[in-house]
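Remarks on the structure that follows.
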Amino acid sequence: MNTELPRTFKVVTVWLLIGLALFLAVQWGLHTQRQTRLRVDGEVLELRRSQDGHYHWPGHIDDEPVDFLIDTGATTSAMSAALATRLQLVSQGSVGAQTAGGVTRGQRVRADVRLRGGVTVERLTLTALPGLDSAPDQPLLGMDVLGKLRWSQHNGVLRVDLRQSASN
């Protein structure tokens, strides 16, 4: 009786193991990249530009973890309408908004925002826009918050002085 596995089964198993090893290596690399993207050194926070060309600042809206996209061209901070609904944020009224995609309507909502590094803004007014629903957990951090901080950008690194607080 032959107890040896068929050759095809062995080849498929080897390729599956190689594929799994590559997948795990890529996931580990992405995790490491996310970890090194943000560094707090004393009273200075450094954000490195990510591969998509943008700066991302991890934080929370109320208690929901999010990855803010820093948008220096945005007057106010914004979030997806889907996220606002999920967080059960109450509308403070309708508002028109000029976006990269054109003019749209959204809802004003209020929420507490906490950014990694200790920056907190209580009861920040955000604009909940349906056009941001394609990336619901990636709100935009606008100049209403950034304008209260001392920051600079050089060689793909955004440095934020944490001695100043954005708290309202």
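Look through the stretch 38-69, keep the residues that are touching a His at 6+ places or on another chain (Cβ under 7 Å) and surrounded by fewer than 21 Cβ atoms within 10 Å (Cβ to Cβ), and return whichever of them is nearest to Arg105 (Cα to Cα).
If we take residues in the stretch 38-69 being touching a His at 6+ places or on another chain (Cβ under 7 Å) and surrounded by fewer than 21 Cβ atoms within 10 Å (Cβ to Cβ), then Leu69 is nearest to Arg105 (Cα to Cα).
Quick check, is Gly73 at pLDDT below 90 and within 24 Å of Thr120 (Cβ to Cβ)?
It is true that Gly73 is at pLDDT below 90 and within 24 Å of Thr120 (Cβ to Cβ).
For the stretch 77-100, which positions are hydroxyl-bearing (Ser, Thr, Tyr) and either buried (at least 19 other Cβ atoms within 10 Å of the Cβ) or at positive phi (or both)?
Ser77, Ser80
Name, by its number, the condition in (1) over 25 Å from Val40 (Cα atoms); (2) open to solvent by 40 Å² or more (accessible area, probe 1.4 Å); (3) in contact (Cβ under 8 Å) with a residue 40 or more places away in the chain that does not hold for Val103.
(3)
With Leu140, Leu162 as the choices, which residue is over 17 Å from the mean Cα position of the chain (by Cα) and over 13 Å from Asp62 (Cα atoms)?
Being over 17 Å from the mean Cα position of the chain (by Cα) and over 13 Å from Asp62 (Cα atoms) holds for just one of Leu140, Leu162, which is Leu162.
With respect to the numbered conditions (1) within 24 Å of Ala82 (Cβ to Cβ); (2) open to solvent by 10 Å² or more (accessible area, probe 1.4 Å); (3) in contact with a Phe, Trp or Tyr (Cβ under 8 Å, 6 or more places away or on another chain), which one is the sole condition not fulfilled by Asp112?
The number of the failed condition is (3).
Restricting attention to the stretch 84-105, which residues are within 21 Å of the chain's Cα centre (by Cα), polar (S, T, N, Q) and modelled with pLDDT of 85 or more?
Thr85, Gln88
Quick one: count up the residues across the stretch 115-168 that are open to solvent by less than 70 Å² (accessible area, probe 1.4 Å), under 15 Å from Tyr55 (Cα atoms) and in a strand (DSSP E or B).
Here the count works out to 7.
Could you count how many residues in the stretch 55-102 are under 24 Å from Gly118 (Cβ atoms), aliphatic (A, V, I, L, M) and part of a loop (DSSP other than H, G, I, E, B)?
Going through the stretch 55-102 one residue at a time, the tally reaches 3.
The values are calculated or read from the model by the stated rules, or taken from the named source; none is laboratory data. Only a predicted model underlies this, so the values are computations on that prediction, with no experimental measurement involved. Backbone-built Cβ (ideal geometry, glycine too); neighbour counts: all protein chains shown. SASA here: full protein model, heavy atoms, side chains in, ligands and nucleic acids out. Shrake-Rupley method; radii C 1.70, N 1.55, O 1.52, S 1.80 Å.
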